[in-house]
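Presented below is the structure to which this report refers.
The values are calculated or read from the model by the stated rules, or taken from the named source; none is laboratory data. Just so it is clear, the model here is predicted, and its values are computed rather than measured. All Cβ positions, glycine included, derive from the backbone under ideal geometry; neighbour counts span all protein chains shown.
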């Protein structure tokens, strides 16, 4: 009730901003990729993000009484185009959503100058978790090193990894290489052999060479860090070569329903770690149907809306919306600045109770950010393809903080030194 009362006050401020300017909107552009080789995975994510913001605009008049302008700038997942979109939109934006580890890495050095927060939910540079170093970057609610840690924990629960061989099939791109520092550390500690197998952008749909190597090496497990057309290509090759699907696990961007539907029942047993889940009875989906779908404003369809990626898009926009709400309540202003949003994103507290209020129970684990912890480390669930859909096959898994935090600190310090002079926060407490 207190939360609702505060928002009502903020909404009133949104209607009348005092002596001068009347606030018009919250400009939160999205660097989308509905075209190019990654479009098949980008489209459901963008549709979910868009529908959530449209729902808030239609149902609530936006956030704090101000509508959200969720303009898309098409990048085709191209780093060069992504930087162009960033430069084009940054003038009035309160946030940038780069939607590529490559774009994120290019924009990251600009953040201390432009002072616009990067929101990269579940992607980007894992050391961005260190808010003392990366004051303007957020990879809430979980990082790629979190994903790698949870995958290894799940495999360890199946049996000791010492002496085992794990093939790391990954896109030959900054995104695909991101978990390597953590995986190499754990391979040395736990005694398993890590076999990196890169897939070039031109090889995504023809991975015969990579799967010939997998057949020859006979790994115990294949961990896949794929994206776009690479995922469908790898899953198809795995089925063709009769690799045991129970022993193949993907990161959360390699858990797209449409990729598995290509092989159907033959893909049964394939798994993907995930910090989101399509809880199809969630109240938020009913609101989206009423305010967006029935109004003819959605770009999605019934099948897509039941999938992992569309529903993850809803969660991603919820994270942004909660950051905006927190900033509005903190400042008492509906029209917030990029600096205000930074405060909101580092003071998120998405509890089970708050998820229930949002109608999103079961769609994401609870998480909390701080000035020093820009990830939140929500944990995640292992999802398994049952031949028709993804289902939860584990309780909530949590990343190994004792292993990840020292690596985050070390790599963040390396980055700051390489990009000196690099402004850092002197007021954040230690990560928690």
Filter result for residue 181 (outside any strand (DSSP E or B), within 20 Å of the chain's Cα centre (by Cα) and either surrounded by 24 or more Cβ atoms within 10 Å (Cβ to Cβ) or not assigned by TED's automatic domain parsing to the domain that holds residue 45 (or both))
yes
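Being farther than 15 Å from residue 128 by Cβ and out of contact with any helix residue (DSSP H, G or I) (no Cβ under 8 Å at 6 or more places or on another chain) is the filter; apply it to the range 401-417 and report the residue that is surrounded by the fewest Cβ atoms within 10 Å (Cβ to Cβ). It would help to see each step written out before you state the result.
We begin by selecting, within the range 401-417, every residue farther than 15 Å from residue 128 by Cβ; these are 401-403, 406, 417.
Remaining after also requiring out of contact with any helix residue (DSSP H, G or I) (no Cβ under 8 Å at 6 or more places or on another chain): 401-402, 406, 417.
Details: 401: 14, 402: 7, 406: 11, 417: 9.
Going through the qualifying residues, I end up with 402.
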Would you call residue 226 touching a strand residue (DSSP E or B) at 6+ places or on another chain (Cβ under 9 Å) and closer than 15 Å to residue 248 by Cα?
yes
From the list 86, 77, 123, exactly one residue is assigned to a helix (DSSP H, G or I), under 20 Å from the mean Cα position of the chain (by Cα) and in the same structural domain as residue 342 (by TED's automatic domain parsing). Which is it?
86
The lone exception for residue 375 - which of (1) touching a strand residue (DSSP E or B) at 6+ places or on another chain (Cβ under 8 Å); (2) assigned by TED's automatic domain parsing to the domain that holds residue 113; (3) crowded, with 22+ Cβ neighbours inside 10 Å; (4) assigned to a loop (DSSP other than H, G, I, E, B) it fails
(2)
Is it true that some residue in the range 240-253 is assigned to a helix (DSSP H, G or I), under 20 Å from the mean Cα position of the chain (by Cα), surrounded by 21 or more Cβ atoms within 10 Å (Cβ to Cβ) and modelled with pLDDT of 95 or more?
yes
In the range 196-212, the residues that are over 28 Å from residue 103 (Cβ atoms) and buried (at least 17 other Cβ atoms within 10 Å of the Cβ)
211
Across the range 130-155, the tally of residues that are surrounded by fewer than 24 Cβ atoms within 10 Å (Cβ to Cβ) and either touching a strand residue (DSSP E or B) at 6+ places or on another chain (Cβ under 8 Å) or assigned to a helix (DSSP H, G or I) (or both) stands at 3
Just one of the numbered conditions (1) surrounded by 14 or more Cβ atoms within 10 Å (Cβ to Cβ); (2) on the phi < 0 side of the Ramachandran plot is not true of residue 356; which one?
(1)
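Here is a yes/no grid of residues against (1) in a helix (DSSP H, G or I); (2) surrounded by 24 or more Cβ atoms within 10 Å (Cβ to Cβ); (3) in contact with a strand residue (DSSP E or B) (Cβ under 8 Å, 6 or more places away or on another chain); (4) touching a residue at least 60 places away in the same chain (Cβ under 8 Å):
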site	(1), (2), (3), (4)
302	no, no, no, no
310	yes, yes, no, yes
321	yes, no, yes, yes
329	yes, no, no, yes
335	no, no, yes, yes
339	yes, no, no, yes
